[in-house]
Amino acid sequence: MMTPRGYAGKFLDIDLTNEKITNTTFPEKDLEQYFGGRGLAAKILWDRIGEKWREVDPLGPDNLFIALGGPMTGIYPGGRICISGKSPVSNGTVGSTASTEFAHELRTAGYDGVIVSGRAEKPVYIMVTEEGGEIKDASHLWGTMGEETIKLLNKEVTRVLDSKKEIGLWKEPGMIYVGPAGENMVRNACVMTKLCHAAGYGGYGSLMGSKNLKAIVAKGRGALPEVYAPEAVKLLWKRAHEHLIANDSFRRQGTGYGGWSTATSYSSEPVRNWQDEWHDERSFGGPMFETRFWVKKKWSDFNCTTNCMKVACVKSGKWKGAITDNPDYELQAYCGANFGVFDPAENIHLSALIDNLGHSGIGGANTMGFAAELYQRGILTEEDLGFKLEWGDAEAFDKIARLIAYREGIGDVLAEGTYRAALKLTEMKGVDCMPYAIHVKGIEIGAHGTRSDADFLAHDIGYAVNVQGGDHTSIVRDGYHELSGAVFADSAVYCSFARTPQELIFDYAKAITGYPLTIESWRRENGPRIVTLQKAFLLLGGPDVIWEPIKDDDNPERFYAPLPTGPFKGRTTDRKLVERRRLAYFETLGWDDRGIPTKETLNRLDLGYLEKSMTGLR
Amino acid sequence: MTSIWIVRDYENCSGCRRCELACSFHHEGWMWPEASRVRVFMPFPGVEVPHLCAQCDDYPCVESCPVDALSVDADTTAVIVDRDACTSCGACYRACPGTVPFLHPADNKATICDLCGGDPECVKVCKEAGYNCLRLVHEGMSPNRKLFSRNPIEVAKDLAVKMFGEKGEEVI
Amino acid sequence: MPGGYAGKWLEVDLSKDKIEEVTYSDKILEQYFGGRGLAAKIAWDKVGDKWSEMDPLAPESPLMVYTGPMTAIYPGTRICVSGKSPVSMGTVGSTAATELANEMKSAGYDGVTFMGKADKPVYLLITDNSAELVDASHLWGLDGEKTLIKLNKEVTDELTKRKPNVGLWKDPGMIYIGPAGENLIRNAAVLAKICHAAGYGGYGSLMGSKNLKAVVAKGRGTLPVVDAPEATILLWKKTHEHLMARSAMRRQGTGYAGYAVGADTSSEPIRNWQEEWHDEKSFGGPMFETRFWVKKKWADFNCTTNCMKVSCIKTGPWKGDITDMPDYELQAYCGTNFGIFDPEANIHLSALADQLGHSGINGPNTAGFAVELHQRGILSDEDFGFKPKWGDVETFDKILRMMAYREGIGDVLAEGTYKAAFLIAKMKGKKPEELLKYAVHVKGIEVGAHGTRSDADYTHDISYAASVQGGDHTSVASDGYNDMSGAVFTDSAVFCNFTYYGVPQSLVFDFAKAITGFPMTLHGWRSVTGPRIVTLQKALLMMGGPGLKWEPIKDDDNPPRFYEPLPSGPYKGKTTDKAVVDQKLQAYFDTLGWDNRGIPTKETLKKLDLAFLEKSMAKLR
């Protein structure tokens, strides 16, 4: 089979139960139709699990852990890896991406991705080089926090590589790993990389943990994959970077100036588990982070000049030693305002701690805020927790983060993620906890509210009909325009912050792959194909949760309560608008009025293989 | 035209204060550090903080002026002082969250950065020397701007900790 | 008043708590300019023929803190401190980079002459056209860093209280002394900005002897008007262009020399100059830069040379030490000279020397001298109270403190290398010569960190031997003509050497003309103004006293060590050529119109309008 351009050409298939490693390829048609990352992972999952989807426990050995690059990974600015599998939280699939050198190291080692099945008997990590994959003991790494994992693995792998082949100095490998939260199968735990980068949505940290897989490490020395039109790619690469470099305010401020302005201006920031979305705490403004904590003002991953990241380090006081990319708006909001914490040092500490524990800084922190609101309402008590969980008390949130990561006490319940914990606590306490659970389809919502309608991302059906639920990186607009956004970026696998004009991106994709691709064709075929397949998975769900069409295609209740303060006081999400746009969205994608893909649509998108399962749902 | 703004990267400031000299050349015709619209505060050696107007989106100084001597230049977003109208009451610097305006050492008139009408001299000399502590960007109004209107000693306290770690807590 | 001058000077009688404003004639200013030159002249005016009898640490000894006409306007602000030097007994124009200089000018003053002695610690506070003495009892005993932090806050608060309705008061400029100055450590420095020092001359002890802890200024006026403002502005821009083009200097500062001067030019003091070569890569610039530099381009007012780099130790026992490091001189003197090649230890000892108020060159020279005396068996463990060792941080940490507080042997070492040699010789019943062979000084001034033996550095044969400022590496002698427009000029115009080298001299002199309006030329300065200042300094140096008189020719020489062959390195075996020294010394005297013993002739004095010296010089001939 010929290798399509832009691909390294093979995938590693690793059966941990049988310790079997093989190289795998996929038909060119699959690659053209599903591209890579999010799209291709969904196809692989169907191929391998298919109609048994509902019966497969996401945390059981039959689920797959998939880490894929895409044809644009490493070549287009902003290298990323896409993690997928049956999501332990949504029970569908999420294309969960993280910026990491692991992605291009994998590709320069000759692989476009790794597909892990089964379950190792004891903790292992996988090492990928040009010689293939190797399963290695990770008993000594199990239990280590993220920072420690990186340090140990970096040293160890470099030493192993050196002992295998002398080349001069071996440069450090790329890696993805889980922290204690992932190991202990905290359901919404994430796959971590580079200390503070995460594939956060989808709960794939617990999936790794369920396989006893601590990390995957890759080191390649080959070239990045050959492309269809190399001269064009070189020119487009320069042009793309010109666009990134010109975005001065983004490069300067990152996302972290949003911690103050998103709240004060747009009033769409989670404050105390979304009881509010407005604050005017100047202490939380960008310069307060920048002046005191930013030790590197422009930090980036491979082939990126956006530099949205800023390395922050707390150098004195109680939280001395905390290092993270901060403020990153999401964690600034979720590990700050959402906890009622408005002190930059506390925010940096809690963000760093949550990263180090391997929690999702959004999902896990959402659950912690949820717990704090239950405490505020007297549903959870000091006895349940072992301490007071007051808003704004950084120490208390430090404790709850650890409790959940290690599944201690009430942490064991909260470790099931906000939605499942709400179900359990409702049962345990006899009080309906669901009104305080801010999630859509089990996925805790990103730090952009819909009520003010002033946010730059999230509106009415932004989350409600999203096949990735509360994922703010893959927001729904109208079933057409957004398909060339995150659905594309997550499948081509690059960072959506490597922002250039869409025309340039599609020319870039064509020049890399040689596929006869247009924005329109992607929006009409590839995008809908991927999203429809994801929708099918999501509808199938199971075994513990099955989402109800329409009823679960909605915002959490809180998003319909009026905003209590701020410039948008009294305003809330328009339920009628949600209903109307939801139907329009289904229609555009060729789904029926309950959101089930129609037979015609499946045929048109070459998804005939789904028909049997979808018939059952209609 | 897009409004302009002066980005400030405090840790890049060398303390050379050519910005003050360039500013005073432009506005005063001669070297006059204390009349410069940008003043580099240096409460501890090595911790230098260029202090200049950040053009807040709500212009509290303009609001505060009892005689309407302050106005906003629609093009640049700079605060413009009508020196004839100014009564030297000091309301503007008291209203400023960072106490940026000051009364001129010669005639006590309110003195505020006017962005040199669009091509700030301070930025030019800073860039020329390769510090890029002060840098010009063409950007629209942002609510974040007013967060830069901060007491320079407070800024220096933060900066000192970033530079010197725990020791930084003691030096200012 | 010629351009560039604020137009008035302060005269402060500390004994009487009296402050007056004085002015000097245009002629005096044209003849002596400012700083080093003017200070020598005013010192003469104040003391005159009684120079030899006056103890430099006595109340009647004047202390000058002067700017010059180019200060703050020409890039690289500096202040010049002078008076009768407690170490050389002549005068030194000892300069330090500090905003005190421009603040003083903005306040309306070109300088201050202190006389007398305050009965309790005071500092002088200069504000717009006004000055006052303020009690400094609460500052006495504080190290440099604490002095600066306290003074900054207290003065800013006071100014805000006095005149609240101006907006924010900006920080003042200041010079101060540390414990070493207070305790009259003879070679103590006058400090500024925690790590800047007017180091040569021992003026820290002179300040201490007057109970003067600090001089602080805050002015809100313009810098002085100049004769040709448009030309000055253009020249200012052009000068900065030259400075900004010096990429290596801006990037590396002087600190990359800690390795290079040792390894390449073999002229770095090692273990009290027993060697001048090392190849310790651990001491290279990048080892400082990568781990310690928290600001890579640091400058003083109106400077783009940025030779300074702010270093901070962030971990370990010396956590929190902050200084401009590596500055080559302290890198050498508080590093290699101690046998220390660890950047962190070097930063610590440099910061310590500065905070104690030592001169980072001279004090450590004495400390190194002491440890060599121990190595030679002249001083014992008991003399120190511990066993001193080369390369041992603790050893030098202790000695620097013992000196600053005059504890134990420190009390003797506090007299500076030269005097300590005599005192220890007496203590130990030895001939002074037996110790002086390890004393690396010229005319009581410990020699800067540039040796002459390899002849590969900028310092050669008579650089120190003939200099009226002895071991001062910032003002070395060459041929009595070309050197006159170097440091003699910059120390009198008062700006930094490092904003001078690399800028064409013709440009600098045009700058000087545009500022002052004086009809000056480079040749005029080299043949008249410079020689006038140097000849006056020479006269005061040769008058010396009390209890210390330099012997013509014999003392116009290098320290004995500079004639020992280099023991290692690429220049192994090489040493300073005594015959060349003798010959160039005579040529130097000749050029300056001094007799063959270096005493200015009557004709020369007349030619230079220095006839007032004739009576004193006649006695010496």
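Of note:
- Count of residues meeting criterion [in a helix (DSSP H, G or I), surrounded by fewer than 19 Cβ atoms within 10 Å (Cβ to Cβ) and in contact (Cβ under 8 Å) with a residue 24 or more places away in the chain] in the range C:376-392: 1
- When C:D472, C:D455 are checked against the criterion of being touching a strand residue (DSSP E or B) at 6+ places or on another chain (Cβ under 8 Å) and touching a residue at least 12 places away in the same chain (Cβ under 8 Å), C:D472 stands alone in meeting it.
- Considering residues of the range A:225-256 that are in a helix (DSSP H, G or I) and within 14 Å of chain B (Cβ to nearest Cβ) only, the residue surrounded by the most Cβ atoms within 10 Å (Cβ to Cβ): A:Q253
- Members of the range B:1-53 that are out of contact with any strand residue (DSSP E or B) (no Cβ under 8 Å at 6 or more places or on another chain), aliphatic (A, V, I, L, M) and either closer than 19 Å to B:G98 by Cβ or more than 11 Å from chain C (Cβ to nearest Cβ) (or both): B:V47
- The range C:272-283 - residue that is of a type outside the set (S, T, N, Q) and surrounded by 19 or more Cβ atoms within 10 Å (Cβ to Cβ) and, of those, nearest to the other protein chains (Cβ to nearest Cβ): C:F283
- When the range C:292-318 is filtered for residues that are more than 7 Å from chain B (Cβ to nearest Cβ) and in contact with a Gly (Cβ under 8 Å, 6 or more places away or on another chain), the ones remaining, listed by number, are C:T305, C:C307, C:M308, C:K309, C:I313.
- Looking at C:S350, C:S267, C:S282, just one residue is in contact (Cβ under 8 Å) with a residue 60 or more places away in the chain, of a type in the set (G, A, S) and part of a loop (DSSP other than H, G, I, E, B), and that residue is C:S267.
- Which listed residue, of A:M428, A:M434, is among the aliphatic types (A, V, I, L, M), modelled with pLDDT of 95 or more, assigned by TED's automatic domain parsing to the domain that holds A:L331 and over 30 Å from A:P567 (Cβ atoms): A:M428
- The set of residues in the range B:111-132 being more than 13 Å from the chain's Cα centre (by Cα) and touching a residue at least 40 places away in the same chain (Cβ under 8 Å) consists of B:G117, B:G118, B:K124, B:V125, B:C126, B:A129, B:Y131, B:N132.
- Residues located in the range A:46-68, provided they are of a type outside the set (D, E) and either in a loop (DSSP other than H, G, I, E, B) or touching a strand residue (DSSP E or B) at 6+ places or on another chain (Cβ under 6 Å) (or both): A:I49, A:V56, A:P58, A:L59, A:G60, A:P61, A:N63, A:L64, A:F65, A:I66, A:A67, A:L68
- Any hit, the range A:588-596, residues being basic (K, R), closer than 22 Å to A:K43 by Cα and outside any strand (DSSP E or B): no
- Residue within the range A:323-330 that is within 11 Å of chain B (Cβ to nearest Cβ) and farther than 30 Å from A:K510 by Cα present: no
- Failed item, numbered, when A:R618 is tested on (1) at positive phi; (2) exposed (fewer than 15 other Cβ atoms within 10 Å of the Cβ); (3) in contact (Cβ under 8 Å) with a residue 12 or more places away in the chain: (1)
- Test: residue in the range B:67-87 that is closer than 30 Å to C:F292 by Cβ and hydroxyl-bearing (S, T, Y): no
- Among the residues making up the range C:251-278, those that are modelled with pLDDT of 95 or more and in contact with a helix residue (DSSP H, G or I) (Cβ under 8 Å, 6 or more places away or on another chain) are C:S267, C:E268, C:P269, C:I270, C:R271, C:N272, C:W273, C:Q274, C:E276, C:W277, C:H278.
- Test for A:G417: is it out of contact with any His (no Cβ under 8 Å at 6 or more places or on another chain) and in the same structural domain as A:K298 (by TED's automatic domain parsing): no
The values are calculated or read from the model by the stated rules, or taken from the named source; none is laboratory data. Treat the numbers as computed from the prediction; the structure is a model and nothing was measured. Because the Cβ atoms are built from the backbone with ideal geometry, glycine has one as well, and the counts that use them run over all protein chains shown.
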